[in-house]
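Asks: My questions will all concern the structure given below.
The values are calculated or read from the model by the stated rules, or taken from the named source; none is laboratory data. No experiment lies behind these values; they were computed from the predicted model shown. Cβ coordinates were reconstructed from backbone atoms using ideal geometry, including for glycine residues, and neighbour counts include every protein chain displayed.
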Amino acid sequence: MRAALLFVMLVFSVTCTLAQQFPSERFHIGSVTLNDGQELKGRIKYDLDADVILLIETGQTNVTTLSANQFQSFHIDGGQDRGQRRFYSVPVVNQTGYKRPRIFELIYEGETSLVAREFIATRSRTSSRSSFRRSIYDPFYDPTNSMVTFRYLAYDLWLIDGEANLSKLGDNRNEVIRAFPNHQSELRKFIKGEKLKVDKLQDLTKLIGYYNQLNNL
């Protein structure tokens with residue numbers, strides 16, 4: 001499910017995308033727990049494409065690169081908007097059949113949890129169709145039909161159970177329901193009765209919470 005469910009960050013310009021720092025492009029105060037249980041504190045920058053983090057330990061200046069197979073988890077301070085963000089290293093079977101640890105962010109925690117991998121997406125359109133072209137007094141007004149480019153955060157979402165089994169969520173209601181291993185009929189009725197929208201994070205977490213309740217009956 002590629003939708004900016006948590007929040008959307010947009011940047012735009014008349015001819016090209018303006019420079020904009022996204023969360024993955026800067027360091028954050030946090031800590032990482034290594035595979036042996038040792039905790040290292042400092043500033044952390046993550047790269048989900050490469051499944052690595054960069055760590056500058058407190059009181060140090062050198063940068064250490066840690067891959068997902070070297071740590072269990074890490075957390076960072078996401079600021080007032082996002083609070084503490086928690087990430088985990090989860091083994092995923094790749095196309096060759098081997099397991100490779102990848103980094104996932106915990107969005108909702110339960111018997112079945114919701115995890116995500118964020119990515120920076122782009123979208124372009126001509127300025128003549130842009131809502132930013134309102135008048136000549138608008139700083140983004142452009143009479144030349146130049147290209148406007150947006151950069152924003154989007155997310156791929158997965159369900160994960162207590163055994164670290166992952167099930168990727170699709171782009172519509174039927175695909176989301178099929179991601180759950182059982183109780184699909186009950187989930188379908190719940191979505192209809194509660195008028196849930198599976199492209200809304202709050203509704204999606206409500207659905208997962210209901211699924212966990214069904215499993216505990």
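Asks: Is it true that Gly78 is without any contact (Cβ under 8 Å) to a residue 60 or more places away in the chain and surrounded by fewer than 15 Cβ atoms within 10 Å (Cβ to Cβ)?
Replies: Values: without any contact (Cβ under 8 Å) to a residue 60 or more places away in the chain: yes; surrounded by fewer than 15 Cβ atoms within 10 Å (Cβ to Cβ): no.
So Gly78 fails the test.
Asks: Also, quick follow-up: Could you identify the single residue in Ser128, Ser124 that is more than 30 Å from Val52 (Cβ to Cβ), at pLDDT below 95 and not in a loop (DSSP other than H, G, I, E, B)?
Replies: Working: Ser124 fails: more than 30 Å from Val52 (Cβ to Cβ).
Only one candidate passes the filter, namely Ser128.
Asks: Right, here's the next one. Restricting attention to segment 50-75, which residues are β-branched (Val, Ile, Thr) and closer than 13 Å to Thr33 by Cβ? Even if it seems obvious, please write down each step before you answer.
Replies: First pass over segment 50-75, keeping only residues β-branched (Val, Ile, Thr): 52-53, 56, 58, 61, 63-65.
Within segment 50-75, Ile53 is the sole residue that qualifies.
Asks: With of a type in the set (Gly, Ala, Ser) and closer than 24 Å to Glu163 by Cβ as the only criterion, which of Ser124, Ser89, Ser31, Ser24 stands out?
Replies: Working: Ser124 fails: closer than 24 Å to Glu163 by Cβ; Ser31 fails: closer than 24 Å to Glu163 by Cβ; Ser24 fails: closer than 24 Å to Glu163 by Cβ.
Criteria check complete, one pass: Ser89.
Asks: Would you check which residues across segment 191-209 are buried (at least 17 other Cβ atoms within 10 Å of the Cβ) and either out of contact with any strand residue (DSSP E or B) (no Cβ under 9 Å at 6 or more places or on another chain) or among the aromatic types (Phe, Trp, Tyr) (or both) and list them?
Replies: If the condition is that a residue be buried (at least 17 other Cβ atoms within 10 Å of the Cβ) and either out of contact with any strand residue (DSSP E or B) (no Cβ under 9 Å at 6 or more places or on another chain) or among the aromatic types (Phe, Trp, Tyr) (or both), then Ile191, Leu196, Val198, Leu207 are the ones that fit.
Asks: Could you list, ordered by first residue, the pairs with Cβ atoms under 7 Å in which the first is in segment 199-210 and in contact (Cβ under 8 Å) with a residue 12 or more places away in the chain and the second is part of a loop (DSSP other than H, G, I, E, B) and of a type in the set (S, T, N, Q), at least 6 apart or interchain?
Replies: Listed pairs, sorted by first residue: Ile208/Thr112.
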